[in-house]
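Throughout, read-outs are computed from the coordinates displayed, never taken from laboratory work. Please read all numbers here as calculations on a predicted model, not as lab measurements. All Cβ positions, glycine included, derive from the backbone under ideal geometry; neighbour counts span all protein chains shown.
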Amino acid sequence: MGGPKRILPADGRMDPGVMQVALLNQINENLIDLFDLQLKQRQEGIVEPYKFNITTTVKVLRAIKPWFSVLIWNDGPATLNVITSPSKNSIPHQMIRGESYVVQFTEALISDVQLWCDSGTTSVRLDGVR
């Protein structure tokens, strides 16, 4: 009647060896999943440096692969607005001339950064770390 059928010995008991193999197989699969997750969370030690001028037009900088951290320097002269991962965060951080700003996570969560000035132009340096 649909579904898998189990074939048990006449006494209705399952061989413990079969159960041990099934349990070990499940443990192995779980360990492989944990290993894959750990690899995704390991920093590669790669720094992606950028330097550009920002105006009143919003610039979106997308990471090649998500970053663990981002360090931004506003070299001035205008005030800079920054939003890291705008799909998750909508509150801008304002940076005055000469200020630096760091966002750091234990996982690679920063996929993009939005940058703009309310008025004028400013020179910006940005390092994304993956």
note = Residue hits (the stretch 50-91; farther than 16 Å from V124 by Cα and either of a type in the set (K, R) or out of contact with any Asp or Glu (no Cβ under 9 Å at 6 or more places or on another chain) (or both)) are K65, K88, N89, S90, I91
inquiry  = Just checking, does the stretch 27-48 include any residue being polar (S, T, N, Q), surrounded by 11 or more Cβ atoms within 10 Å (Cβ to Cβ) and over 12 Å from the mean Cα position of the chain (by Cα)?
reply    = no
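Quick check: is even one residue across the stretch 62-69 exposed (fewer than 14 other Cβ atoms within 10 Å of the Cβ) and either polar (S, T, N, Q) or at positive phi (or both)? Break it down stepwise before answering.
Here is the first cut: in the stretch 62-69, the residues exposed (fewer than 14 other Cβ atoms within 10 Å of the Cβ) are 62, 64-65.
The next check asks that each one be either polar (S, T, N, Q) or at positive phi (or both); those that pass are none.
Checking the stretch 62-69: not a single residue is exposed (fewer than 14 other Cβ atoms within 10 Å of the Cβ) and either polar (S, T, N, Q) or at positive phi (or both).
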ask   = When you scan the stretch 72-125 for strands (runs of 3 or more DSSP E) that lie fully inside it, which ones turn up with 1 or more residues that are buried (at least 18 other Cβ atoms within 10 Å of the Cβ) and not β-branched (V, I, T)?
value = 80-84, 93-95, 110-117
